[in-house]
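Working notes for the structure below.
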Amino acid sequence: MTDQNTSTSTSGYGAASGSAPVPSPFAGLPRKVDAAIGKGLARITGGPVAPYQSAVIRIGFSLTWLAFLLREWVHRDELYGPDSPWSWSMARALIATNHAFTVLMWSDSRAWFEFVYAAAIAASVMLLVGWRTRTASLLFMIGVLALQNRSVFEGDGGDNVIHIMAIYLVFARCGQVWSLDARRARRSADRDRDRDWDRDRDRDPVGIVMWVVFAAVLALVTVLGKLSTGWALILWGFLAAQAAWWLVRRYAPGEPRTVMTMVGNVVHAGAMLVIVVEVCLIYSTAGWYKITGSRWEDGTALYYPLHLADFTPWPALSHALGSSGLIVMLITYGTVAVQVAFPFTLFNRRVKNVLLVMMMCEHAGIAVVLGLPFFSLAMITADSVFLPTSFLRWVGDRVVRALPGRRAVVPRQRSEGEPSASTLPV
């Protein structure tokens, strides 16, 4: 009896004599890690990640900036031009200390200001429709930095988001879908499928002329000393990268072009990752700073902007919301909870989508109730990077079907060796 109990007790704490050993929980872990790394690298280098999300943020930010420039057309002189209270000499003194980049500091003439403002509008339109996306993204960044760094005290918060994202978009291949570049690539592939597509594709006089003019202007301003050393290296680096890409495509269509395409895909993936991290930082810092505020702690923070004349385009609506203590408390606490929790919900798709809808609705409400449409549109665009691809494709299909005389086309399977939109430097 004692021996039996001892045997039973021993079997509860360890393996019985002659039984198979318990497998290690780390068995096969190196192989699984290697497989995961290989799959991830293949996904990043094999093609641009999140093409629909990058297209949405391209369209959203260019549309937001374009709408702002057009709305402020009649006030452009007071905002960024020679008649601005923040004079050209004051802006120059500030830039001498923070070393911000703006081409408006190259001259204080009205003609130069009008040219830069019109060029910023043109660059926004180019990026919006996805025409020469690589060139348009660079010009868009220059236009955004030129105006915003000229008058740093203009804006409602959305300008800061556009300022940052304009830089990131330069590194993203955001014209793979929903762009004129993608349509041009698709038509070229269909037209030249039975011909030497590589040779015909490189006959791009418009693109060559655009970059030659850009190189000439860049050389002129560099000689005149208008650029700092850092910005000169950055802009010349972009030009050199574009020239290298064109030369490889034309004279080394084999492995060198494949390597260049992979490098471009990796840079694009890095840019999209930085955008995701940036949006998470915006919400997490905003949420945690709100927690430290006494008005957010007692649930009355929303009450005060609803009674400020500058933020009440619809006084009756604002006062109706502000008169309900329950609504004010729920929105105040709900805003903090959603902003703090959102970065942690990225690992759960369903919860993330729910909070994403709530944040977009919140920004839409800010646009209407507080009269901040451009801030809200910028934040909704930033939120769109988290939208599911299936949803974006569904929306795109519905939009195409709604256009007069157009119907949605299901993409056919591309045959081996046939060029695709991802081979274009857009």
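Cβ-Cβ distance below 7 Å, separation of 6 or more or different chains: which pairs start in segment 334-361 with a residue that is basic (K, R) and end on one that is open to solvent by less than 80 Å² (accessible area, probe 1.4 Å) and in a loop (DSSP other than H, G, I, E, B)?
Filtered contacts from segment 334-361: K352/L346.
Filter segment 226-252 down to the residues that are touching a helix residue (DSSP H, G or I) at 6+ places or on another chain (Cβ under 7 Å), among the β-branched types (V, I, T) and open to solvent by 40 Å² or more (accessible area, probe 1.4 Å) and list them by number.
Of everything in segment 226-252, nothing turns out to be touching a helix residue (DSSP H, G or I) at 6+ places or on another chain (Cβ under 7 Å), among the β-branched types (V, I, T) and open to solvent by 40 Å² or more (accessible area, probe 1.4 Å).
Tell me the helices (runs of 4 or more DSSP H) entirely within segment 253-358 that contain at least 3 residues that are polar (S, T, N, Q) and open to solvent by less than 70 Å² (accessible area, probe 1.4 Å).
Details: elements: 255-291, 294-297, 315-322, 325-341.
Where helices (runs of 4 or more DSSP H) fall fully within segment 253-358 and carry at least 3 residues being polar (S, T, N, Q) and open to solvent by less than 70 Å² (accessible area, probe 1.4 Å), they are 255-291, 325-341.
In segment 366-380, which residues are open to solvent by less than 50 Å² (accessible area, probe 1.4 Å) and under 19 Å from F61 (Cα atoms)?
Filtering segment 366-380 for residues open to solvent by less than 50 Å² (accessible area, probe 1.4 Å) gives 366-367, 369-372, 374-376, 378-380.
Listed by number, the residues that qualify are I366, A367, G371, L372, F374, F375, S376, A378, M379, I380.
If you check every pair at least six apart or on different chains, which have Cβ atoms under 6 Å apart with a residue in segment 55-74 that is closer than 19 Å to F391 by Cβ first and a residue that is aromatic (F, W, Y) and not in a helix (DSSP H, G or I) second?
A55/W178
In segment 33-89, what residues are charged (D, E, K, R), within 28 Å of P373 (Cβ to Cβ) and over 18 Å from the mean Cα position of the chain (by Cα)? I'd like the intermediate steps shown before the answer.
Step one: filter segment 33-89 for residues charged (D, E, K, R), giving 34, 39, 43, 58, 71-72, 76-78, 83.
Pick out the ones that are also within 28 Å of P373 (Cβ to Cβ) and you get 58, 71-72, 76-78, 83.
Of everything in segment 33-89, those that are charged (D, E, K, R), within 28 Å of P373 (Cβ to Cβ) and over 18 Å from the mean Cα position of the chain (by Cα) turn out to be R71, E72, R76, D77, E78, D83.
If P23 meets every condition in (1) part of a helix (DSSP H, G or I); (2) at pLDDT 75 or above apart from one, which number is that one?
Every condition holds for P23 apart from (1).
The values are calculated or read from the model by the stated rules, or taken from the named source; none is laboratory data. Everything numeric here is computed off the predicted structure, so don't read it as measured data. In this analysis, Cβ positions are derived from the backbone assuming ideal geometry, glycine residues included, and neighbour counts consider all displayed protein chains. Side chains included, ligands, DNA and RNA excluded: accessible areas come from the protein's heavy atoms. Shrake-Rupley method; radii C 1.70, N 1.55, O 1.52, S 1.80 Å.
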